[in-house]
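The structure appears below as C-alpha coordinates.
The values are calculated or read from the model by the stated rules, or taken from the named source; none is laboratory data. Since the structure is predicted, the reported quantities are computational estimates derived from the model, not experimental observations. Here Cβ is always computed from backbone atoms with ideal geometry, including for glycine, and neighbour counts include all displayed protein chains. For accessibility, only protein heavy atoms count, side chains too; no ligands or nucleic acids. Shrake-Rupley method; radii C 1.70, N 1.55, O 1.52, S 1.80 Å.
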Amino acid sequence: MNLTVERVSAGYGHVRVLDELSWRIPPGVTGLLGPNGAGKTTLLHLLAGITRPWQGAITARDGSASVLSTGKEYSRRVGFLPQHFTFAEEMRVLDTATYAAWVNGVPKRDCPAAAWAALEQVDLHSKSRDRVKSLSGGQRQRLGLATALAHEPDLLILDEPTVGLDPAQRLRLREAITSIGARRTVVISTHLIEDVTYMCDRVGVLAAGKMAFDDTIDELAKLVDEDAGHGFGSAFEQAYAGIVARLGREA
Ligand SMILES: Nc1ncnc2c1ncn2[C@@H]1O[C@H](COP(=O)(O)OP(=O)(O)OP(=O)(O)O)[C@@H](O)[C@H]1O
(Lines give C-alpha, C1' and ligand atoms only; values in the text may rest on other atoms or scores of the structure.)
Protein backbone atom coordinates (compact mmCIF):
# COMPACT_ATOMS: atom_id res chain seq x y z
CA MET A 1 0.00 0.00 0.00
CA ASN A 2 1.24 3.51 -0.87
CA LEU A 3 0.05 6.41 1.27
CA THR A 4 -0.13 9.98 0.04
CA VAL A 5 -0.57 12.88 2.45
CA GLU A 6 -1.49 16.02 0.55
CA ARG A 7 -1.30 19.49 2.13
CA VAL A 8 -2.78 18.30 5.40
CA SER A 9 -3.39 20.79 8.20
CA ALA A 10 -4.60 19.75 11.65
CA GLY A 11 -4.52 20.82 15.28
CA TYR A 12 -6.55 21.35 18.41
CA GLY A 13 -8.91 24.28 19.00
CA HIS A 14 -7.14 27.29 17.54
CA VAL A 15 -3.70 25.68 17.68
CA ARG A 16 -2.37 24.48 14.34
CA VAL A 17 0.04 21.55 14.78
CA LEU A 18 0.41 20.38 11.16
CA ASP A 19 0.59 23.03 8.47
CA GLU A 20 -0.11 21.93 4.87
CA LEU A 21 2.07 18.89 5.38
CA SER A 22 2.72 16.58 2.41
CA TRP A 23 4.34 13.17 2.63
CA ARG A 24 4.52 10.00 0.53
CA ILE A 25 4.88 6.65 2.28
CA PRO A 26 5.81 3.60 0.17
CA PRO A 27 5.58 -0.06 1.25
CA GLY A 28 8.21 -1.11 3.82
CA VAL A 29 9.05 0.48 7.15
CA THR A 30 9.06 4.28 7.38
CA GLY A 31 10.26 6.05 10.52
CA LEU A 32 8.82 9.28 11.88
CA LEU A 33 11.17 11.40 13.96
CA GLY A 34 10.60 14.78 15.57
CA PRO A 35 11.07 16.50 18.91
CA ASN A 36 8.48 16.27 21.71
CA GLY A 37 5.31 18.05 20.73
CA ALA A 38 6.20 18.22 17.01
CA GLY A 39 2.94 16.49 16.13
CA LYS A 40 3.96 12.88 15.50
CA THR A 41 0.98 11.40 17.37
CA THR A 42 -1.33 13.95 15.72
CA LEU A 43 -0.07 12.84 12.30
CA LEU A 44 -0.27 9.12 13.14
CA HIS A 45 -3.90 9.52 14.26
CA LEU A 46 -4.67 11.13 10.90
CA LEU A 47 -2.84 8.35 9.03
CA ALA A 48 -4.82 5.76 10.99
CA GLY A 49 -8.11 7.47 10.10
CA ILE A 50 -8.86 8.06 13.81
CA THR A 51 -9.11 11.82 13.33
CA ARG A 52 -9.77 13.93 10.26
CA PRO A 53 -7.63 16.73 8.91
CA TRP A 54 -8.81 20.33 8.95
CA GLN A 55 -7.70 20.56 5.34
CA GLY A 56 -6.03 18.32 2.79
CA ALA A 57 -6.39 14.60 2.20
CA ILE A 58 -4.75 11.26 2.94
CA THR A 59 -5.14 8.60 0.26
CA ALA A 60 -4.07 4.96 0.20
CA ARG A 61 -3.34 3.35 -3.16
CA ASP A 62 -3.03 -0.30 -4.02
CA GLY A 63 -2.33 -0.67 -7.71
CA SER A 64 -4.98 1.39 -9.43
CA ALA A 65 -7.50 1.30 -6.52
CA SER A 66 -7.41 4.20 -4.08
CA VAL A 67 -9.25 4.88 -0.84
CA LEU A 68 -9.51 8.04 1.27
CA SER A 69 -8.49 7.82 4.95
CA THR A 70 -11.93 9.08 5.98
CA GLY A 71 -13.81 6.04 4.62
CA LYS A 72 -14.89 2.83 6.42
CA GLU A 73 -13.04 0.59 3.97
CA TYR A 74 -9.81 2.35 4.96
CA SER A 75 -10.10 1.65 8.69
CA ARG A 76 -10.46 -2.10 8.02
CA ARG A 77 -7.10 -2.05 6.26
CA VAL A 78 -5.26 -0.21 9.03
CA GLY A 79 -3.75 -1.55 12.26
CA PHE A 80 -2.85 1.01 14.93
CA LEU A 81 -0.83 0.55 18.10
CA PRO A 82 -1.18 3.67 20.28
CA GLN A 83 1.57 5.00 22.51
CA HIS A 84 -0.41 4.01 25.62
CA PHE A 85 -2.73 1.04 25.77
CA THR A 86 -4.16 -1.30 28.37
CA PHE A 87 -5.32 -4.90 28.35
CA ALA A 88 -7.78 -6.88 30.47
CA GLU A 89 -5.12 -8.31 32.77
CA GLU A 90 -6.97 -11.55 33.60
CA MET A 91 -7.49 -12.49 29.96
CA ARG A 92 -5.22 -15.03 28.31
CA VAL A 93 -2.84 -13.91 25.58
CA LEU A 94 -4.57 -15.85 22.78
CA ASP A 95 -8.02 -14.62 23.86
CA THR A 96 -6.77 -11.03 23.84
CA ALA A 97 -5.52 -11.33 20.27
CA THR A 98 -8.68 -13.24 19.26
CA TYR A 99 -10.85 -10.44 20.64
CA ALA A 100 -8.78 -7.84 18.75
CA ALA A 101 -9.28 -9.78 15.51
CA TRP A 102 -13.04 -9.87 16.10
CA VAL A 103 -13.25 -6.16 16.98
CA ASN A 104 -11.41 -5.38 13.74
CA GLY A 105 -13.89 -7.26 11.58
CA VAL A 106 -12.47 -10.77 11.18
CA PRO A 107 -15.35 -13.31 10.90
CA LYS A 108 -15.86 -14.98 14.30
CA ARG A 109 -14.91 -18.52 13.21
CA ASP A 110 -11.61 -17.23 11.76
CA CYS A 111 -10.58 -15.18 14.80
CA PRO A 112 -8.64 -17.84 16.78
CA ALA A 113 -6.54 -18.78 13.73
CA ALA A 114 -5.94 -15.11 12.90
CA ALA A 115 -4.89 -14.46 16.51
CA TRP A 116 -2.53 -17.44 16.51
CA ALA A 117 -0.92 -16.27 13.25
CA ALA A 118 -0.42 -12.78 14.71
CA LEU A 119 1.14 -14.21 17.89
CA GLU A 120 3.50 -16.27 15.74
CA GLN A 121 4.53 -13.17 13.82
CA VAL A 122 5.56 -11.44 17.06
CA ASP A 123 7.06 -14.63 18.51
CA LEU A 124 4.62 -14.80 21.43
CA HIS A 125 2.73 -17.99 20.55
CA SER A 126 4.54 -19.92 23.30
CA LYS A 127 2.74 -17.62 25.80
CA SER A 128 -0.71 -18.06 24.26
CA ARG A 129 -2.20 -19.75 27.36
CA ASP A 130 -0.63 -17.28 29.83
CA ARG A 131 -2.60 -14.47 31.41
CA VAL A 132 -1.75 -10.95 30.27
CA LYS A 133 -0.81 -9.94 33.82
CA SER A 134 2.14 -12.36 33.75
CA LEU A 135 3.79 -10.74 30.69
CA SER A 136 6.93 -8.60 30.81
CA GLY A 137 6.99 -5.09 29.31
CA GLY A 138 8.50 -6.32 26.06
CA GLN A 139 6.07 -9.22 25.77
CA ARG A 140 3.23 -6.76 26.41
CA GLN A 141 4.44 -4.54 23.54
CA ARG A 142 4.60 -7.59 21.28
CA LEU A 143 1.07 -8.55 22.30
CA GLY A 144 0.05 -4.97 21.45
CA LEU A 145 1.62 -5.45 18.05
CA ALA A 146 -0.23 -8.77 17.62
CA THR A 147 -3.56 -7.10 18.44
CA ALA A 148 -2.85 -4.44 15.80
CA LEU A 149 -1.93 -7.15 13.28
CA ALA A 150 -4.57 -9.81 13.85
CA HIS A 151 -6.93 -8.57 11.11
CA GLU A 152 -4.00 -8.58 8.65
CA PRO A 153 -3.98 -4.87 7.86
CA ASP A 154 -2.10 -3.57 4.81
CA LEU A 155 -0.96 -0.56 6.80
CA LEU A 156 0.42 -0.76 10.32
CA ILE A 157 0.94 2.40 12.40
CA LEU A 158 2.99 2.19 15.57
CA ASP A 159 3.36 5.11 18.01
CA GLU A 160 6.65 4.84 19.93
CA PRO A 161 6.43 1.05 20.38
CA THR A 162 9.95 0.64 21.80
CA VAL A 163 9.60 3.10 24.70
CA GLY A 164 10.59 1.69 28.07
CA LEU A 165 12.01 -1.59 26.77
CA ASP A 166 15.43 -2.91 27.70
CA PRO A 167 17.91 -3.49 24.82
CA ALA A 168 17.12 -7.22 24.47
CA GLN A 169 13.36 -6.62 24.40
CA ARG A 170 13.82 -3.74 21.95
CA LEU A 171 15.77 -6.02 19.66
CA ARG A 172 13.02 -8.67 19.63
CA LEU A 173 10.37 -6.08 18.92
CA ARG A 174 12.49 -4.55 16.16
CA GLU A 175 13.00 -7.98 14.59
CA ALA A 176 9.24 -8.58 14.63
CA ILE A 177 8.50 -5.17 13.08
CA THR A 178 11.18 -5.63 10.41
CA SER A 179 9.77 -8.96 9.28
CA ILE A 180 6.21 -7.54 9.32
CA GLY A 181 7.41 -4.58 7.22
CA ALA A 182 8.70 -6.92 4.52
CA ARG A 183 5.07 -7.59 3.52
CA ARG A 184 3.30 -4.38 4.51
CA THR A 185 3.47 -0.63 4.85
CA VAL A 186 4.57 0.26 8.38
CA VAL A 187 4.89 3.74 9.87
CA ILE A 188 6.63 3.97 13.21
CA SER A 189 7.30 7.01 15.39
CA THR A 190 10.26 6.93 17.71
CA HIS A 191 12.85 9.06 19.47
CA LEU A 192 15.51 6.39 19.10
CA ILE A 193 17.84 6.70 16.15
CA GLU A 194 18.85 3.03 16.58
CA ASP A 195 15.21 2.10 15.95
CA VAL A 196 15.33 3.98 12.68
CA THR A 197 18.69 2.61 11.55
CA TYR A 198 17.67 -0.96 12.42
CA MET A 199 14.13 -1.02 11.04
CA CYS A 200 13.43 1.75 8.59
CA ASP A 201 13.85 1.98 4.84
CA ARG A 202 12.95 5.66 4.89
CA VAL A 203 12.57 8.36 7.50
CA GLY A 204 10.57 11.56 7.84
CA VAL A 205 11.48 14.33 10.27
CA LEU A 206 8.64 16.53 11.44
CA ALA A 207 9.53 20.13 12.26
CA ALA A 208 7.55 23.37 12.31
CA GLY A 209 4.36 21.57 11.25
CA LYS A 210 5.86 20.19 8.03
CA MET A 211 7.74 17.12 6.84
CA ALA A 212 11.06 18.87 6.91
CA PHE A 213 13.05 15.82 5.79
CA ASP A 214 11.85 12.81 3.79
CA ASP A 215 14.46 10.44 2.42
CA THR A 216 16.50 7.36 3.20
CA ILE A 217 18.36 6.80 6.43
CA ASP A 218 21.67 7.21 4.54
CA GLU A 219 20.67 10.71 3.48
CA LEU A 220 19.75 11.59 7.08
CA ALA A 221 23.16 10.31 8.19
CA LYS A 222 24.81 12.68 5.70
CA LEU A 223 22.85 15.58 7.19
CA VAL A 224 23.98 14.57 10.67
CA ASP A 225 27.56 14.45 9.38
CA GLU A 226 27.21 17.98 8.00
CA ASP A 227 25.82 19.26 11.28
CA ALA A 228 27.93 17.38 13.77
CA GLY A 229 30.99 16.48 11.76
CA HIS A 230 30.56 12.84 12.75
CA GLY A 231 28.02 10.04 12.25
CA PHE A 232 25.20 8.39 14.16
CA GLY A 233 25.25 7.20 17.77
CA SER A 234 25.57 9.79 20.50
CA ALA A 235 26.55 12.26 17.76
CA PHE A 236 23.02 12.04 16.42
CA GLU A 237 21.55 13.09 19.73
CA GLN A 238 24.05 15.97 19.87
CA ALA A 239 23.24 17.05 16.35
CA TYR A 240 19.51 16.42 16.54
CA ALA A 241 18.38 19.76 17.99
CA GLY A 242 20.49 21.62 15.45
CA ILE A 243 19.10 19.57 12.57
CA VAL A 244 15.50 20.02 13.66
CA ALA A 245 16.02 23.78 14.07
CA ARG A 246 17.65 23.95 10.65
CA LEU A 247 14.98 21.82 8.96
CA GLY A 248 12.30 23.86 10.73
CA ARG A 249 13.77 27.09 9.33
CA GLU A 250 14.01 25.58 5.85
CA ALA A 251 10.47 24.06 5.94
N1 LIG B 1 -5.93 16.47 22.71
C2 LIG B 1 -5.18 17.57 22.61
N3 LIG B 1 -5.68 18.79 22.90
C4 LIG B 1 -4.95 19.91 22.78
N5 LIG B 1 -3.65 19.93 22.38
C6 LIG B 1 -3.08 18.74 22.09
C7 LIG B 1 -3.82 17.51 22.19
N8 LIG B 1 -2.99 16.50 21.84
C9 LIG B 1 -1.80 17.07 21.53
N10 LIG B 1 -1.86 18.41 21.69
C11 LIG B 1 -0.78 19.35 21.41
O12 LIG B 1 -0.42 19.23 20.04
C13 LIG B 1 0.99 19.30 19.87
C14 LIG B 1 1.48 18.01 19.19
O15 LIG B 1 1.28 16.90 20.08
P16 LIG B 1 1.65 15.41 19.66
O17 LIG B 1 1.27 14.53 20.80
O18 LIG B 1 1.08 15.12 18.32
O19 LIG B 1 3.24 15.52 19.54
P20 LIG B 1 4.35 14.35 19.51
O21 LIG B 1 5.33 14.75 18.46
O22 LIG B 1 3.68 13.03 19.34
O23 LIG B 1 4.98 14.49 20.95
P24 LIG B 1 5.78 13.39 21.85
O25 LIG B 1 7.08 13.13 21.14
O26 LIG B 1 5.98 14.13 23.14
O27 LIG B 1 4.90 12.17 21.99
C28 LIG B 1 1.58 19.52 21.26
O29 LIG B 1 1.80 20.89 21.42
C30 LIG B 1 0.49 19.02 22.19
O31 LIG B 1 0.54 19.72 23.40
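Some values worked out for this structure:
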| quantity | calculated |
| --- | --- |
| Cβ-defined net charge surrounding Arg184, 11 Å radius [Lys, Arg +1; Asp, Glu -1] | 0 |
| Kirkwood hydrodynamic radius (C-alpha pairs) into Stokes-Einstein, the chain, 20 °C and 1.002 mPa s, D in µm²/s | 115 |
| Dimensionless Rg/Rh of region 1-96 - Kirkwood Rh, Rg from C-alpha atoms | 1.02 |
| Karplus-derived 3J(HN,Hα), 6.51/-1.76/1.60, for each residue of region 203-220, Hz, glycine and proline x | 9, x, 10, 8, 8, 6, x, 10, 7, 6, 9, 8, 6, 7, 5, 5, 5, 5 |
| Whole-Å semi-axes of the ellipsoid equivalent to region 84-153 (Cα gyration tensor, √5λ, descending) | 17, 11, 11 |
| Share of alpha-carbon pairs per 10 Å distance bin for region 29-79, given as whole % | 22, 50, 25, 3 |
| Candidate lysines for bridging to Lys40, where Cα separation is under 17 Å - those fewer than 8 sequence places away on the same chain excluded | Lys210 |
| Within straight-line cross-link reach of Lys127, aspartates and glutamates at Cα separation under 17 Å, skipping those fewer than 8 residues along the same chain | Glu89, Glu90, Asp95 |
| Beta bridges by DSSP in the chain, antiparallel share as percent, to the nearest 5 | 55 |
| Long-range amide H partners of His151 with built H, under 5 Å | none |
| Accessible area of the chain divided out per residue, in Å², using a probe of 1.4 angstrom | 46 |
| Protein accessible area in the chain, 1.4 Å probe - carbon and sulfur % | 50 |
